[in-house]
1. Please determine, by comparing only the residues of the stretch 189-207 that are of a type in the set (Ser, Thr, Tyr) and modelled with pLDDT under 90, which one is nearest to residue 253 (Cα to Cα).
2. So residue 500 fits all but one of (1) over 21 Å from the mean Cα position of the chain (by Cα); (2) among the charged types (D, E, K, R); (3) crowded, with 17+ Cβ neighbours inside 10 Å; what number is the exception?
3. Just the residues that are among the aromatic types (Phe, Trp, Tyr) and under 18 Å from residue 543 (Cα atoms), please, taken from the stretch 509-532.
4. Is it the case that residue 210 is among the aliphatic types (A, V, I, L, M), at pLDDT below 85 and surrounded by 14 or more Cβ atoms within 10 Å (Cβ to Cβ)?
5. Take the conditions aromatic (Phe, Trp, Tyr), under 17 Å from the mean Cα position of the chain (by Cα) and either closer than 24 Å to residue 185 by Cβ or part of a loop (DSSP other than H, G, I, E, B) (or both) and apply them to residue 335. Does it pass?
6. Does the stretch 60-71 contain any residue that is in the same structural domain as residue 138 (by TED's automatic domain parsing) and either closer than 17 Å to residue 141 by Cβ or modelled with pLDDT of 75 or more (or both)?
7. Restricting to the stretch 537-567, count the residues that are under 15 Å from residue 133 (Cα atoms) and surrounded by fewer than 13 Cβ atoms within 10 Å (Cβ to Cβ).
8. Just checking, how many residues over the stretch 292-340 are out of contact with any strand residue (DSSP E or B) (no Cβ under 8 Å at 6 or more places or on another chain), within 20 Å of residue 498 (Cβ to Cβ) and not basic (Lys, Arg)?
Amino acid sequence: MNNGLTPSADMLPAVSPLEPLSEIYVCEGVPWSNDYRNIRLFRSDGTAAGIADAKNNMFTYITTNFGNSWSHYTKAKAVKNNTIRVPANQSALVNCNYVVWKNANYNSDWMYGFITSTSWVNARSTDIIIEIDVFATFFPYVTLGSTFIERMMVSDDEIGNYTEPEAFPFSIGEYGNFGKKTAIRLTFKPYSIIVAASRVPQNRHGYNTVTSTINGIPVGVKLLYRELDGTSTDVEHLNALIGEYADDPDSIITMQIIPKFATADLNLFPEPQEEEFTVGFTYDSPWSFTPKNKKLFTYPYYFIMGEDGNGHTYEYKIEWFSGEMVGDVGKRVTFKRICSMTLTPDVLIIPASYKGNEGFPIENAMTVSGFPIVPWLTDTFKAWMAQNGGSMAISTVQNVLSIGSGIAEIVGAVASGSSGAGAPLAVAAGGMGVGSIISGVSGLASTYNTVTTRYKTTPDQAHNMGSTSTRFLSGKMVPSFNYRYVTEEAAHKIDDYFSKFGYAINRFSVPNLWNRKSWNYIKTKDVIIRGKIPEYARRIIASVFDRGFTIWHTSDIGNYTLDNSPV
């Protein structure tokens, strides 16, 4: 089998033409091949003693096909650079796939090779065509320095140590298919109510007032507030306060619900109020199995989703919190919520020590807004009367006086008994009196009609009816922190992938090929192979490293159910 990594025949070193000093073992059932995707190596520390020990271990692993070696006494010999002739019928070698030999003419090292094919010579002789196993033969002489590692098994597999994004060759499902489990739900109860007005009435009916500045910022309106106790008293106090503005209802600008903690100390500290709370995030498996790889407990496979209760979400990576660890199961993190008394209040929920930032960096805040404004009614007729009553009263007096003047004129003329030359004057005067009476009655009727029409046709005026508080009133506007995690199916696929291929590393480091019990996977980019080995072997080994391969520390190659915990 030639996969492009195998040297041509003329590149292979001579097995040895000196038959008397060759010792050859033909083997079967060796569970690795010349594609170098799975490699069986015994550990070597690079020293002469370590190399000898590795070779001896490997030699004891390989079993002979016939129970003994073919040596120069049995006439095994190399007839060409990549061919060994052995005294056996070809059928006896049908299951053989590996050769181990030593050429004492050159040195005492063992050489290893794959049987690529056999060729019949005669009934008692067969030629074996071999290909050098460059890893088994030359890797003990290789020194690996720092190189760019794309993937590798790690020994310090702790949550948060490895967060490099992965490019899986399979789908892990859409975001909407992620599971969900609640970590904590927050409540802002009890609440307060803010009344913003242009003036503060003399009787405040239990409402407190705020100074003209909040946190040093001038406030152009008067703010009154009262903590709500959830009883009918709340309505009574509010209606009484609204009644104080009956003469000028437009003085009330708005009414707003706000969390009580935001108004707790406003009399003493007229500035944004803060309140801290603690959340414990655990690493309990949300799946039916416990993952072997801790990276599955990091983003985007397992993380915290903040939800503000209004349809907005915020992603938080548990591994980015530097809170206090609670045993081995999670960490305790402090949050702070901040709210200021404004006409459109919102609450900032800020995690402490997130993304390496100390304290409470506002850049990581979750914003909760949409607290409802409070609708109220004003008596429009009373307000109209209060605003127009003064001028209407003057008009009415004038009308009455006008009527009275006309009557007096008539009465005076009749009482004088005037006639002749005086009669026209009286009539004239009487005519003027009638006109005044008609004018007076007409003006009074107009005033009456205006007032009654206002009373009958002007409804009470509603304020703040356009507020959207369905989520709040239905109890759905509750911020929460929820665990989000991939589905059970995806979790199994990801865990198996990590178990076989390790983690994405993508940084310079010295490859570690011996830090797991059963196998190690490694993939590099532009690796440099150092050591006193043939150039063709160097090229093959470098190509295999850059392609990616698995080194096995057990003979049970391919068994991924073995314990492969760090050593």
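The values are calculated or read from the model by the stated rules, or taken from the named source; none is laboratory data. Just so you know, these numbers come straight off a predicted model, no measurement behind them. Heads up, the Cβs are rebuilt from the backbone with ideal geometry, glycines too, and the neighbour counts pull from every protein chain shown.
1. 198
2. With (1) over 21 Å from the mean Cα position of the chain (by Cα); (2) among the charged types (D, E, K, R); (3) crowded, with 17+ Cβ neighbours inside 10 Å applied to residue 500, the lone miss is (3).
3. Across the stretch 509-532, the qualifying residue is only 521.
4. It is true that residue 210 is among the aliphatic types (A, V, I, L, M), at pLDDT below 85 and surrounded by 14 or more Cβ atoms within 10 Å (Cβ to Cβ).
5. yes
6. no
7. Qualifying residue count for the region: 0.
8. Number of matching residues: 5.
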